[in-house]
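The values are calculated or read from the model by the stated rules, or taken from the named source; none is laboratory data. Note that the coordinates shown come from a computational prediction; the quantities given were computed from them, not determined experimentally. Here the Cβ positions follow ideal geometry from the backbone for every residue, glycine too, while neighbour counts run over all protein chains shown. Keep in mind that these areas ignore ligands, DNA and RNA; they rest on the heavy atoms of the full protein, side chains included. Shrake-Rupley method; radii C 1.70, N 1.55, O 1.52, S 1.80 Å.
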Amino acid sequence: MENPDLSLYKYKGYYFGRLELRIGLLENLEDFEIREDDVFVITYPKSGTVWFQQILSLIYFEEHRKRAGSLDTNDQVPFLEYSIKHEDIVKRPSPRLFATHLPYYLFPSGMKNKKPKIIYVYRNPKDVVCSYYYFFKNVKLQVTGSFEKFFEQFLEGKVVGSLWFDHIKGWYEHKSLCNIQFMMYEEMKKDLRGSIVKVCKFLGKELSDEDMDAVVTQAMFDNMKSDPRANYDSLMELDGIPRNGHFLRKGTIGDWKNHMTVEQNERFDKIFQREMKDFPLKFIWDMNEELNSK
Ligand SMILES: Nc1ncnc2c1ncn2[C@@H]1O[C@H](COP(=O)(O)OS(=O)(=O)O)[C@@H](OP(=O)(O)O)[C@H]1O
């Protein structure tokens, strides 16, 4: 892999990507004024951010739902800490919708009084590491090393988002201070409609059956992949370098089985058991696993 020190920016113990990072905003995050009607989708990278940018765009913007608008999901639900479209996000009209990978401890503390709506999307970390590897290899064109090497870097937390374990635990342990809904990537995959209904309830949004159908259909993997507003392909062309890969790669559960060796898997399980002992949220590792099984 390219020297990670060049592509990473460490700030207060957390790794950000250097490219397009709003360093000014980061250094003044405490002054970032949270509004009560803000909505944040918070993720560790490769856990369903783009998916949720599309879902929120579809829920909130009729023209997006009706395919009348031409704005990308990234325009509708911009990243807080990355300036992909160089927009002044602070002045956006309410309700402002944001995506972010921020850890709990860096999030503007105004959240504690204003209680904006936060949706935390999590995904089983074995699939996260595989998705992440391909993202760097095919999209960012930054991995020249093996999966094995990237796997080690992920376990060291020397990637954007730092340690996966710290990110999810940081948010979960402070959930009583936030107005937060945890959403599981795998549950969305298995029951997209049910997941969107749950999110609408949390957001206080009532959709007609017809609108709900439109949201569900356009949030499906294959439909998103062919939707230029939602597949991020246009962003990939910005620097003129052709990409082999796509942001929307496989969108599945259990791809880790095609990449991790038995030894890597056993090691991962040990670390997971140590780090996530007594952690109450459920994880799904296989497409055939039932949502309600323990
Ligand atoms: N609709 C839908 N259904 C299922 N899966 C989906 C969907 N949209 C995005 N994805 C998958 O999410 C993975 C990318 O994660 P993120 O959007 O969080 O990436 S990023 O952090 O914003 O770079 C990436 O996962 P992989 O395919 O495993 O690489 C995307 O394909």
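Things to note:
- Scanning the stretch 185-203 for residues that are more than 12 Å from the ligand (Cβ to nearest atom) and in contact (Cβ under 8 Å) with a residue 24 or more places away in the chain gives D191, V199, C200, F202, L203.
- Positions within the stretch 79-108 being touching a helix residue (DSSP H, G or I) at 6+ places or on another chain (Cβ under 9 Å), of a type in the set (D, E, K, R) and open to solvent by 10 Å² or more (accessible area, probe 1.4 Å), in sequence order: K85, E87
- Residue count for the stretch 108-132 under the criterion of being in a loop (DSSP other than H, G, I, E, B) and more than 13 Å from the chain's Cα centre (by Cα): the result is 5.
- Residues of the stretch 247-294 that are closer than 13 Å to K126 by Cα and of a type in the set (D, E): D255, E266, D269, D286.
- Qualifying positions in the stretch 43-76 - within 14 Å of the ligand (Cβ to nearest atom) and basic (K, R): K46
- Residue in the stretch 31-42 that is without any contact (Cβ under 8 Å) to a residue 60 or more places away in the chain, open to solvent by less than 20 Å² (accessible area, probe 1.4 Å), away from the ligand (no atom under 13 Å from the Cβ) and not charged (D, E, K, R) present: no
- G13 falls short on exactly one of the conditions (1) more than 18 Å from I89 (Cβ to Cβ); (2) modelled with pLDDT under 95, and that condition is (2).
- Meets criteria (among the polar types (S, T, N, Q), at pLDDT below 95 and over 22 Å from the mean Cα position of the chain (by Cα)) for N265: no
- Residue in the stretch 109-141 that is farthest from Q273 (Cα to Cα), counting only those that are touching a strand residue (DSSP E or B) at 6+ places or on another chain (Cβ under 6 Å) and open to solvent by 50 Å² or more (accessible area, probe 1.4 Å): K115
- Highlighted here would be helices (runs of 4 or more DSSP H) found entirely within the stretch 146-245 that include at least 3 residues which are open to solvent by 60 Å² or more (accessible area, probe 1.4 Å) and small (G, A, S), but there are none.
- The stretch 77-107: number of residues that are more than 16 Å from the ligand (Cβ to nearest atom) and within 14 Å of the chain's Cα centre (by Cα): 0
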